[in-house]
Amino acid sequence: MHPPLAPLVAATAQWLLRAYPPGSGAVDRALAHVQARQAADVAAALRYPTELDAALVDVTGGGGADRLDWITGAGADDAPWRSWVDEVVASWAACLLGDPALARAAVEAAGRAPAEYGRLLAPGDLDRRAAALLRHPDLLAPVADLHRAELLTALALDPRDPAVAV
């Protein structure tokens with residue numbers, strides 16, 4: 001990840017966790033956080049692939065979470081981190097969390113080592129339980145569908161391919 005993307009990844013992962021809360025307990029929160037963070041990291045790497053892209057978003061910010069809050073009905077507040085949420089990155093991360101095959105393609109396209117993204121790519125029973133809402137394709141659909149077509153284009157996948165969830 002380009003260092004300028006760190007605030008955007010952190011804020012977008014935080015938004016995902018607030019919109020799709022983890023199970024109860026510290027372990028569930030930690031496991032869900034890792035999954036959201038890995039998805040947001042891969043999505044940001046795909047969305048902002050060059051140093052210049054990362055530097056530009058560092059100057060302009062992520063755009064904020066207002067539209068995402070409206071779509072999901074998530075409670076909004078005035079926390080400063082919310083201005084760093086990137087709608088496209090959140091949408092792409094939601095796509096990855098809801099579709100393991102798409103997540104594998106995205107990790108590969110982003111040039112990431114699959115072993116470092118195990119919680120995203122191969123969640124165990126504890127991971128799935130901890131992030132049941134965060135991984136539920138039907139619940140993620142309103143956010144994922146916002147920019148799914150652009151993600152498929154970025155991954156050079158055909159949305160008409162039956163192997164690609166639409």
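At a glance:
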{"quantity": "Whichever residue in the range 35-59 is charged (D, E, K, R) and within 26 Å of Y20 (Cβ to Cβ) and, among such residues, is most open to solvent (accessible area, probe 1.4 Å)", "calculated": "R47"}
{"quantity": "Residue identified as touching a residue at least 60 places away in the same chain (Cβ under 8 Å), more than 23 Å from D145 (Cα to Cα) and either out of contact with any His (no Cβ under 6 Å at 6 or more places or on another chain) or among the small types (G, A, S) (or both) among R112, R119", "calculated": "R112"}
{"quantity": "Answer from L102, L140 - the residue that is under 16 Å from the mean Cα position of the chain (by Cα), farther than 14 Å from A43 by Cα and crowded, with 19+ Cβ neighbours inside 10 Å", "calculated": "L140"}
{"quantity": "Number of positions in the range 107-118 that are buried (at least 16 other Cβ atoms within 10 Å of the Cβ) and closer than 17 Å to V34 by Cα", "calculated": "3"}
{"quantity": "Residue under evaluation L126, criteria (1) open to solvent by less than 70 Å² (accessible area, probe 1.4 Å); (2) of a type outside the set (G, A, S); (3) at pLDDT 95 or above, criterion not met", "calculated": "(1)"}
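The values are calculated or read from the model by the stated rules, or taken from the named source; none is laboratory data. Given the structure is predicted, the values throughout are model-derived calculations rather than measurements. Glycine gets a Cβ as well: all are built from the backbone with ideal geometry, and neighbour counts include every protein chain shown. The accessibility values were calculated without ligands, DNA or RNA, using every heavy atom of the protein model including side chains. Shrake-Rupley method; radii C 1.70, N 1.55, O 1.52, S 1.80 Å.
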